[in-house]
Amino acid sequence: MTKTTDFTKVFQDVLASFPVDASAFQNAFKTQAAFGEKFSKVALEAAEKSTEISAAWAKETFSRLGDISKAKTEPADYSKAVTDFASKTAELAAENLAAFAEVAKKVQVETVELLLAAGKEAQEDATTAVKKATSEVQAAAKKATAAK
């Protein structure tokens, strides 16, 4: 009479000897938190710089409005003041839009760099985890086979 192998017992032994490594989850969480912090820093710096540009633009515009609102002795001076204001405002707008574009460009470059670094790190973490899991599964299988 041949003895039938109890596969339920074999699977239970394999699963019992298969370790769950919680440190992999902790490391993934720490990595994610670190990248979240870096992304937040990029966004906050961009918001701060954009606010500085907006405030300076508004301050300059109000200053120029002060010039245009001054009383003039000649009617022609009013049209010249409005023309000067419009010209300087257009020039100021171009300068400030260029400054906003630089902020956006910097955010884009830093975001791409962070995404590439995150992808590389995630790939390295996954490779390490797979190698470790493979060796642990092989060891557990050898142990289960030797127990027969």
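The values are calculated or read from the model by the stated rules, or taken from the named source; none is laboratory data. The model shown is predicted, which means the values in this text are computed figures rather than measured ones. When we count neighbours, we look across all protein chains shown, and the Cβ atoms used for this are built from the backbone with ideal geometry, even at glycine. Just so you know, the surface numbers come from the protein's heavy atoms only, side chains and all, with ligands and any DNA or RNA stripped out. Shrake-Rupley method; radii C 1.70, N 1.55, O 1.52, S 1.80 Å.
In contact (Cβ under 8 Å) with a residue 24 or more places away in the chain and in a helix (DSSP H, G or I): which single residue out of Glu113, Glu124, Glu102, Glu136 fits that description?
Exactly one of Glu113, Glu124, Glu102, Glu136 is in contact (Cβ under 8 Å) with a residue 24 or more places away in the chain and in a helix (DSSP H, G or I), namely Glu136.
Tell me, which residue of the stretch 56-79 that is of a type in the set (Lys, Arg) and without any contact (Cβ under 8 Å) to a residue 24 or more places away in the chain is most open to solvent (accessible area, probe 1.4 Å)?
Of everything passing the filter in the stretch 56-79, Lys59 is most open to solvent (accessible area, probe 1.4 Å).
Looking at (1) in a helix (DSSP H, G or I); (2) at pLDDT below 90; (3) of a type outside the set (Asp, Glu), which one does Val20 not meet, given that it meets all the others?
Result: Val20 fails condition (1) only.
Select from the stretch 80-99 the residues that are among the aliphatic types (A, V, I, L, M) and free of Cβ contacts under 8 Å to residues at least 40 places away in the same chain and list them in ascending order.
Result: Ala81, Val82, Ala86, Ala90, Leu92, Ala93, Ala94, Leu97, Ala98.
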